[in-house]
Structures are given as structure tokens and as C-alpha cells.
Amino acid sequence: MDLIENIDAYCQKMRSEFMFFKNLSDEELRAFLRFCQKREGNAGENLWSEGDSDNYAAFVISGKLGIKKKTEFEGKHMIVGTFSRGTVVGELCLLLDSKERSVTAAILEPVDLVLLSNNNFEQLMSEYPMVGLKLLKHIFMVISKRLNRSTDRIAKIF
């Protein structure tokens, strides 16, 4: 199913899985999706690997991703988070130009994703500034919540 050809179905999916998209009008959500691509993946694949230079965020419609970080032991990784439907991963790549990925996104269960590249995000901001602003606010909320959870985890260790 192509994203643009089936934009109504994807509008419905995005609204049902993401609280953020419930707050956008039909016109705003359609505008957002026109800048996105659809991607599916199977368990065992990587969406991206640590060190990759691609720059896009992935909105998880279904399935599960594991975010892994290389350890000091050769070839070993530690899963630092798992993300399933209704979450966004790689969101910092929308805000930073040409930065290498700091983690690997491994597909743990088959996924259905909507991808937004850094270039398309900038174009979205230019053509639909209010949609871009709303998305930025959402991204900052996501980052803030994740930072708070990480801080809480670290505090429990000590």
C-alpha cells in the first residue's frame, strides 16, 4: 500500500496510534503525510546502524524496534530501549544536519513505519510552518519524557 495513494487509510492509522496526530486537522495531517515515506521491515533487520549518516525519523505504526548501543566489548550491543506502535524514533535527526547515528535501530517484530527525512522536515517547515511547529513541540515533549525516564533510571542506580 503506497502512502500517498492511500492517504486516507494512513491518516486513520496515524490518528489511531499517535496521540499527537489526533490534534491535527485533516488538512494538517494530509500535509504532513505528503512529506513522508512508508516503510515496512521484518524481524532481524536493522532500520539503521550506529554510525550511519542517514537522517530521518520513524513513526512506528505497528511492530517493535529495539534501540541498541555498542559496548566496549567487540561486537556486543546493549538494548537501551524498545519502542512499539505510537512512538517516534530517530527524532533528533530531524533537528541535526549530517550527524552520524549514535545507536542501532533493530527490528524486533515486523514493523509498519512512516518516515520523515530531515530535508522533507525542513520543506514541511517552510511550506506549512504551523504543522512544523506543532511537530517540533511534540518532538521536544518526547525528548523531555525520555530524558526524565533516563534520569530516573540513573538515580535508582546510585
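The values are calculated or read from the model by the stated rules, or taken from the named source; none is laboratory data. As the structure is a computational prediction, the values presented were derived from the model and not from experiment. Because the Cβ atoms are built from the backbone with ideal geometry, glycine has one as well, and the counts that use them run over all protein chains shown.
A105 - would you say it is under 25 Å from N42 (Cβ atoms) and in contact with a Phe, Trp or Tyr (Cβ under 6 Å, 6 or more places away or on another chain)?
yes
Do we have any residue at all in region 113-133 that's surrounded by 13 or more Cβ atoms within 10 Å (Cβ to Cβ), farther than 21 Å from S25 by Cα, among the β-branched types (V, I, T) and under 16 Å from the mean Cα position of the chain (by Cα)?
no
Considering only residues of region 53-66 that are out of contact with any Cys (no Cβ under 6 Å at 6 or more places or on another chain) and outside any strand (DSSP E or B), which is surrounded by the most Cβ atoms within 10 Å (Cβ to Cβ)?
The selected residue is D54.
Name the single residue that is nearest to N46 (Cα to Cα) among those in region 67-84 being within 12 Å of the chain's Cα centre (by Cα) and surrounded by 17 or more Cβ atoms within 10 Å (Cβ to Cβ).
Ranking the qualifying residues of region 67-84, first place goes to I67.
Looking at (1) surrounded by fewer than 15 Cβ atoms within 10 Å (Cβ to Cβ); (2) in a loop (DSSP other than H, G, I, E, B), which one does E50 not meet, given that it meets all the others?
Evaluating E50 over (1) surrounded by fewer than 15 Cβ atoms within 10 Å (Cβ to Cβ); (2) in a loop (DSSP other than H, G, I, E, B) leaves (1) as the failure.
More than 22 Å from L135 (Cα to Cα), assigned to a strand (DSSP E or B), at pLDDT below 95 and among the β-branched types (V, I, T): which single residue out of I107, I79 fits that description?
On inspection, the qualifying residue turns out to be I79.
Every residue, every condition in (1) free of Cβ contacts under 8 Å to residues at least 12 places away in the same chain; (2) touching a strand residue (DSSP E or B) at 6+ places or on another chain (Cβ under 6 Å); (3) of a type in the set (A, V, I, L, M), yes or no:
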| position | (1), (2), (3) |
| --- | --- |
| L92 | no, no, yes |
| S117 | no, yes, no |
| E122 | yes, no, no |
| Y128 | no, no, no |
| L133 | yes, no, yes |
| F140 | yes, no, no |
| N148 | yes, no, no |
| A155 | yes, no, yes |
| F158 | yes, no, no |
